[in-house]
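The values are calculated or read from the model by the stated rules, or taken from the named source; none is laboratory data. What you are looking at is a predicted structure, and each value in this text was computed from that prediction instead of being measured. Here the Cβ positions follow ideal geometry from the backbone for every residue, glycine too, while neighbour counts run over all protein chains shown.
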């Protein structure tokens, strides 16, 4: 049966299928050249390339911390909505970022986020940004996201 | 002319920081410095949108705006700093949606220590009393 809930794809499955569309659907994300590389239930991975226009310190060429904030916010929000069993928008309530070490000039930044707990109204997330591995992290984030009201299933590809 | 007279004021240095920082230029930032006070302005641009269905400014862009505002404010009032300070950590509180219009921000130093300082900043649109987003951050001010 097509309206058997067991056969309906979960939001994260649709997000995974539409990963390119989700990456391109955020104007500021596109301007930062950010993209998602993988989505699983409650998890999101992405890539933030180094770009001259994102530099925060012209003397060192290091990307500004604010770019990492947007990067980890995007990943965390997607990890949060992919954790839910029904399609919902989530809105960032708060986000805490810790800067562990500067990113290196000219190098892409890899990021991953997980939603480790959800309640009826809130998703709790953590995220990491690094060049090679989580052992040498550039920044970490802890976030809380408010789960918004239901919305039409066809808008799911724009979830973010 | 004496070399002293050629020196840039700290306000000039803050303006120069905004003018030569690629991300601040990408975001179209402008600052108005009045003595030890400063207001940062982010004129609305389509590329700053985070959700095109509701035309809201991207939370990450607002976060970056508040971080740059805080950095500039600390630099403005900390004379021994040779360059804008580096952030240690920050917490962003998203209070209201950032609509498709100009955003303003101010930062104030809660505590200036010898090595670190604590800063609060807020961004608003129509009414200062209804902030869109607030930020709490720590910066290193020990010098390089």
Next item on the list: From the list A:49, A:5, pick out the single residue that is modelled with pLDDT under 90 and either out of contact with any helix residue (DSSP H, G or I) (no Cβ under 7 Å at 6 or more places or on another chain) or crowded, with 18+ Cβ neighbours inside 10 Å (or both).
Entry: A:5
Checklist line | In region A:72-98, residue nearest to the chain's Cα centre (by Cα) [restricted to those that are part of a helix (DSSP H, G or I) and at the interface with another protein chain (Cβ under 7 Å from one of its Cβ atoms)] | finding: A:74
Next item on the list: Taking the residues in region B:46-63 that are farther than 17 Å from residue B:118 by Cα and part of a helix (DSSP H, G or I) as candidates, determine which candidate is farthest from the other protein chains (Cβ to nearest Cβ).
Entry: B:62
Checklist line | Only one of B:74, B:119 that is more than 10 Å from chain A (Cβ to nearest Cβ), touching a helix residue (DSSP H, G or I) at 6+ places or on another chain (Cβ under 9 Å) and surrounded by 15 or more Cβ atoms within 10 Å (Cβ to Cβ) | finding: B:119
Notebook entry, point to check: Right, residue B:95: at pLDDT 95 or above and surrounded by 14 or more Cβ atoms within 10 Å (Cβ to Cβ) or not?
Noted result: yes
Margin query: What's the number of the only condition in (1) within 17 Å of residue A:29 (Cβ to Cβ); (2) within 16 Å of the chain's Cα centre (by Cα); (3) buried (at least 19 other Cβ atoms within 10 Å of the Cβ) that residue A:63 fails to meet?
Written below: (2)
Check: Within region A:19-32, can one find any residue that is under 15 Å from residue A:129 (Cβ atoms), surrounded by 14 or more Cβ atoms within 10 Å (Cβ to Cβ) and more than 14 Å from every other protein chain (Cβ to nearest Cβ)?
Finding: no
Notebook entry, point to check: Any idea which of (1) surrounded by 15 or more Cβ atoms within 10 Å (Cβ to Cβ); (2) under 18 Å from residue B:132 (Cα atoms); (3) free of Cβ contacts under 8 Å to residues at least 60 places away in the same chain; (4) more than 11 Å from the chain's Cα centre (by Cα) is the one residue B:59 doesn't satisfy?
Noted result: (3)
Item checked: Identity of the residue in region B:80-104, within 11 Å of chain A (Cβ to nearest Cβ), touching a helix residue (DSSP H, G or I) at 6+ places or on another chain (Cβ under 7 Å) and not in a loop (DSSP other than H, G, I, E, B), that ends up nearest to residue B:49 (Cα to Cα) -> B:94
Note to self: Of everything in region B:26-39, what is under 13 Å from the mean Cα position of the chain (by Cα) and within 14 Å of chain A (Cβ to nearest Cβ)? Give them in sequence order.
What the structure shows: B:27, B:28, B:29
